[in-house]
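Q: This is the structure I have questions about; it appears just below.
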Amino acid sequence: MSYAGPAVAAGAGVKHVLLTYHYLDIGDLDGYASLTEKDVTLSHPGSPLRSGRDAVLDAQAAQATSLRRHELETVIEAEDTVVVLGRVVRCDQEGAEGADGIDFADVFTLSERTLVNACRRYYYTPSPCAVPVSPGR
């Protein structure tokens, strides 16, 4: 096995992360699984921590639908971590986008083989303590 230097490995890791979204959006769970380690973990708000490829695939399959897609906005990479900011958009039966999308941040940890070892998702929600801004200020 040859070693890919940090820049090459990081580029491969980012590609692997971006492909996870593509595979989820088209419903290819085998493709998604090929980019994860056996002991991968998945943490989504409101759901229990999923550990192991089979548990993660079950969780992703439960969420997967042809009526959902990811719009990716920003990708940040540093060593073994990739952060993706984007929006999950729901579509109707004809593929028209709905207004019920939600912004997210996914933090991926990559293995030495540049496969996904962990993913933790955060959703944007307004602060319960938000103070309304008065016009003119």
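Q: Of the residues that make up the stretch 62-78, is at least one modelled with pLDDT of 95 or more, in a helix (DSSP H, G or I) and surrounded by fewer than 16 Cβ atoms within 10 Å (Cβ to Cβ)?
A: no
Q: Within the bounds of the stretch 107-127, is there any residue that is at pLDDT below 95, outside any loop (DSSP other than H, G, I, E, B) and exposed (fewer than 13 other Cβ atoms within 10 Å of the Cβ)?
A: Yes.
Q: Taking Leu57 and the conditions (1) open to solvent by 70 Å² or more (accessible area, probe 1.4 Å); (2) assigned to a helix (DSSP H, G or I); (3) under 23 Å from Ser111 (Cβ atoms), which numbered condition does it fall short on, given that it satisfies the others?
A: Among (1) open to solvent by 70 Å² or more (accessible area, probe 1.4 Å); (2) assigned to a helix (DSSP H, G or I); (3) under 23 Å from Ser111 (Cβ atoms), Leu57 violates only (1).
Q: Now for a separate question. Hey, among the residues in the stretch 1-47 that are over 20 Å from Ile76 (Cβ atoms) and of a type in the set (D, E, K, R), which one's modelled with the lowest pLDDT?
A: Among those residues, the one meeting the criterion is Asp25.
Q: Please work out which residue is surrounded by the most Cβ atoms within 10 Å (Cβ to Cβ), limiting yourself to the stretch 41-54 and to residues that are without any contact (Cβ under 8 Å) to a residue 60 or more places away in the chain and over 17 Å from Tyr123 (Cα atoms).
A: So the residue we want is Arg50.
The values are calculated or read from the model by the stated rules, or taken from the named source; none is laboratory data. Quick caveat, the model's predicted, so the values are computed rather than measured. Glycine gets a Cβ as well: all are built from the backbone with ideal geometry, and neighbour counts include every protein chain shown. Surface areas here come from the heavy atoms of the whole protein model, side chains and all, with no ligands, DNA or RNA. Shrake-Rupley method; radii C 1.70, N 1.55, O 1.52, S 1.80 Å.
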